[in-house]
């Protein structure tokens, strides 16, 4: 959804990270899904770089 | 000194959850120190320097949780570690009950919420680009709260965002408002006709709160992160946000809350502001206040809000040093030091970096640029938060500094900010008020006069409630002013009464 249509529609949020932000949005009646996030590739920087490259290739 | 540690492999918890559990453990009987950290290299160093490292803990990796406790006895340490298990389980249960589904990936979350249009990301900075790229590639706007994101990552993210006409708000974006929804650390403010583009979260909070107090509201407040106007990023998000607000029918006036732009970006920024087609109020520390066609440059956040209110109402704006000079004169008379000595220095102890910077710029020409005349500390800066939560979440570290300042003969005025809003501490005035009482009592016992000057960023609708927080500070003897700029000027008057002539237009 590009910026040209964002302002006309209600916000709907996916939250990754601090759970307090998801709870605050929910308290404000904003649709929100909180991801049970873990460091990708087990937090291994080498594996993460590899995974990022694979995703980029998928994209192009 | 029995130190015990426990490692839970692949048990990720966010930094606020870890802080709350560590706090709870420190409050248990017999516990001298406690830590709950992931096993990153930096955290291993912190554990070692705190004397909390053990052979078990040393083996933990970056996605493993380390719980470490220093207690009076082995039994007490073991009991604390057992209690920690219960605390994490209780947090998890509360979260599951509140949010119902907890998918493990962005794609799985999208299947639960197919009309999602924004991803809020507050994961550790090392992973921020990976997750934000995923979101942008799926056509989703990004609110990127994470800090410690490399500049090259920011450039890459924003270039992709601009190509796809998506917002990448951040990194290091503390606050935003979209379609009436506050994101991150946001004050509860009404919707309205003033749009903001903000390089500073607390700057946006301050402007939004001033607008709310004046009876105006925010159409949208787009955060861009503190480095957007650097040469490397080139204002990518600032320009996109200005364009979006220019086209937005609900926005009548635009406020730009900026950091000092890189020289190479200035001509493009001025051109973009001129091309907006709506009145713009631009607040950039250090830039000379002036009117430039439809663009008015102002020096403080309060001036930005006041000028925007006047512009949207079609009335003339007159800049003032104090909103109620008469009340200031009355306060000055009440606070004359009398027989008590008063130090000649101002000590600013801030939780908001932008507010600290604003105070420094206002005070340097008034009381002098260097300690002991002027010391302004941004306690949210990296050097004060290594291994500690941000002072907006954990007010204790600042409270301790306020107490210590009570013993200093050179400090005549302590200058404070207090930032309210969603996701901030639930009652930040309480620990601060207690410290203010202690500091003032210490000064009185020493035959000195010490004035504590504060301003509060917040609204009556915030969870903490502005009136109650102000009342708590005033009950402790603090002088609470309506803005950070006025508080800074008032602090100057406390140590330099001769400035009354220029600041209040009268002889001291």
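Laboratory data are not the source of any read-out in this text; all were calculated from the coordinates shown. Here the structure is a predicted model, which is why all the values come from computation and not from measurement. Glycine also receives a Cβ, built like all others from the backbone with ideal geometry; neighbour counts cover every protein chain displayed.
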Contact order relative to length for chain B, counting C-alpha pairs under 8 Å separated by 6 or more residues, stands in percent at 10
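Return the percentage of antiparallel bridges among DSSP beta bridges fully within the protein assembly as shown, rounded to the nearest 5 %.
So the antiparallel bridges in the protein assembly as shown amount to around 30 percent.
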Given the C-alpha atoms of the stretch B:3-99, compute the convex hull and give its volume per residue in Å³.
87
DSSP beta bridges in chain B: the antiparallel percent, rounded to 5, is 35
Can you order the peptides B:205-212, A:27-34 by their average number of other Cβ atoms within 10 Å per residue, highest first?
B:205-212, A:27-34
Taking each residue of B:122-134 in turn, how many C-beta atoms of other protein chains fall within 10 Å of its C-beta, and what is the average?
5
How would you classify the stretch B:325-504 from its alpha-carbon gyration tensor, with a ≥ b ≥ c the square roots of the eigenvalues: rounded for a/c under 1.5, else prolate if a/b is greater than b/c, otherwise oblate?
rounded
Give me the number: length gained by fully extending residue B:78 to residue B:151, i.e. 0.36 nm times residue separation minus the C-alpha to C-alpha distance, one decimal in nm.
21.9 nm
The percentage of Cα-Cα pairs in the stretch B:173-313 separated by more than 26 Å is 11
Mean per-residue count of partner chain Cβ within 10 Å for B:91-101 equals 3
Please compute the modelled spin-label separation between residue B:474 and residue B:445, points set 7 Å along Cα→Cβ, answer in nm with one decimal.
2.9
If you take the square roots of the eigenvalues of the alpha-carbon gyration tensor of chain B and sort them as a ≥ b ≥ c, do you get rounded (a/c under 1.5), prolate (a/b over b/c) or oblate?
oblate
Working out 0.36 nm times the residue gap between residue B:287 and residue B:329, then minus their Cα-Cα distance, what length gain in nm do you get to one decimal?
12.1 nm
Potential lengthening between residue B:371 and residue B:115 on full extension [0.36 nm per residue; Cα-Cα distance subtracted]:
86.7 nm
Run lengths n ≥ 4 of DSSP H only: what is the helix-derived mean residue ellipticity at 222 nm for chain B, with -39500 (n - 2.57) per run over all residues, to the nearest 500?
-13000 deg cm²/dmol
Would the protein assembly as shown count as rounded, prolate or oblate if I go by the C-alpha gyration tensor, calling it rounded below 1.5 in a/c and otherwise prolate when a/b exceeds b/c, oblate otherwise?
oblate
